[in-house]
Every structure is written in structure tokens, then in C-alpha cells.
């Protein structure tokens, strides 16, 4: 089970890094074109980003990465909030979209959205981050406060991002397949300034995702082998290098980065039950957990996560089939 989860997570994250890096490179190229009229090939943009990230990870510790991530997340959040104000989305359309229903199509997109926000990778990365911070069971209340803030911010940012899309492109009936098409369609709606800020926001979101994706493989391998998570070891540096080299895949593949992202995140949704069910089993083992065994409320929430994961897995499989 551990090997399956580890291999599946690594495959899913490597697929995701191809799509994310391709999207970021396309957006940065579009931003350069908007400001300077120069056309830069995505390969060179990816090379610069990957080189800077590898240089930072070569001698960095988790706390230094955390500061970089905070910067990119703040950039993303502020950018989307500004764009939300500039485009003045249709609030009636937004309210209608909040009515719960199960769509009869776009299964892959539904699974991808779920796989992004409630994925097996989030479970694994969260536990690793807690360990990297040096927190123990004595810091349980601090960890709960931290997770509450993290989940609340993720909910807020996701809501703003979806509101920007739903209140503009969706209402106008516009569709797109390429990342650069999004900017070309969005510019007449919010203006060049809003389009440029949107580029900053999505680039910030992408870059903040690439860091944990590049780190998940060395962290998982070290954890499985029972070794310290030393990012400066030869093994970790090699695995990070391989992940960043794979990120060049969007340059050579015919499939567009957004399609790769949807596929990779839908694939992630298929892994969630394999992580959530063992978590439920382990947390209810009194011999293992002692007085920290799952309460009735914990089990209700975990059962809800498992049911949710089975739904998203069904959606993902339906699309992949």
C-alpha cells in the first residue's frame, strides 16, 4: 500500500509539474509580449525558472522555501482580489452557481478541481510540513490553528479565482484550450492592466505549487526508507533535478499544458481513497494512538472525506475511460 501510494503520488506530481511549468511559461511569455512586444520561447523561460529554483533548493532549508511560498501565495491572492474588483463579475450568475447539483458532463474537470484542493498530495505534504516545523503532539493546538488558517485561506482564494472565471468568461460563453487564449479573451473584459495582474496571479499560483511538487519525491523516498529528510543529500538533489528536468516536458509534448493539468489532477483524485481509508484505520487504533484516538466527530469528518474521495475517483475514472 505504501509503495502504491508513493509511486502514484510521484507520477501524479510529475505530470502536474509538466502542466504547471508549461502554463507559467506561456503566461510569462504573454506578459513579456504585452509589455515589450518581444517573443520568447517557453524553453528559455522554463530554463531560467528551473535553474533559479534548483539553486535555491541546493543549499536551502524548508524554512527558506516557506518564505518564498508565502511571497508567491500573497502575490496570487492580491492579484486575484484586484482582478475581481476590476472585472466586476455578475453576482447573480455567481449566486446561481452556488446551487448544489451534479453536472452531467465535464467529469474530468470536476475531478481535477477536487484533486487540486483535497488531494492525497495535500495530506502527505501537510504531515511533512508539520514534521519539518519540528512540531510534536505537544503542539497539537498550534497545528490546529495553523491548519484552520491554511484551509480558510485556500477556501477564500479558490472562491475568488472561481468567481473571476465564472463572472467573466463563463457568463460570456467563452471557452479556451490554451493559456494564452485566456489572456486574449480576458483583456477586453478587464483591460490590459487586469490581464497583466491576472498573469502575475496565476504565475504566482504556479510557482508556489512547483516548490512542493519538486520536494515531494525526496521527502516520500526518505520517509519510506526511514532516513532523515535532508534536502542537501546527493539523493535529494538528484531527485529534485530529475523533477525539474521533467518540467520541460510541455515544450516537447503536443498536449497543451491546461489539458495536462486537468489529467494530472484527475489522476490525483484516484489516489485519495488509498490515503484517506488507511488514515481512518490508523487513527482508530488505540494501541497506536492511545488517548489521541479519533473521536466520533473525527470519524464523521473522515468518513465524509472518504465518501467525497470515492465520488471524485468515480468522476476521474469516468473521464479517463
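The values are calculated or read from the model by the stated rules, or taken from the named source; none is laboratory data. None of these values were measured; they are calculated from a predicted model. Methodologically, a virtual Cβ is constructed for each residue, glycine included, from the backbone with ideal geometry; neighbour enumeration extends over all protein chains shown.
Here are the criteria: (1) in a helix (DSSP H, G or I); (2) in contact with a helix residue (DSSP H, G or I) (Cβ under 8 Å, 6 or more places away or on another chain). Tell me which single one residue 294 does not satisfy.
(1)
Conditions (1) at pLDDT 80 or above; (2) part of a helix (DSSP H, G or I); (3) under 30 Å from residue 218 (Cβ atoms); (4) in contact with a helix residue (DSSP H, G or I) (Cβ under 7 Å, 6 or more places away or on another chain), marked per residue:
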position	(1), (2), (3), (4)
131	yes, yes, yes, no
146	yes, yes, yes, no
150	yes, yes, yes, no
161	no, yes, yes, yes
168	no, yes, no, yes
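Please list, ordered by residue number, the helices (runs of 4 or more DSSP H) wholly in segment 201-289 having 3 or more residues that are touching a residue at least 12 places away in the same chain (Cβ under 8 Å).
In segment 201-289, 234-246, 249-252, 257-269, 272-283 are the helices (runs of 4 or more DSSP H) which contain 3 or more residues that are touching a residue at least 12 places away in the same chain (Cβ under 8 Å).
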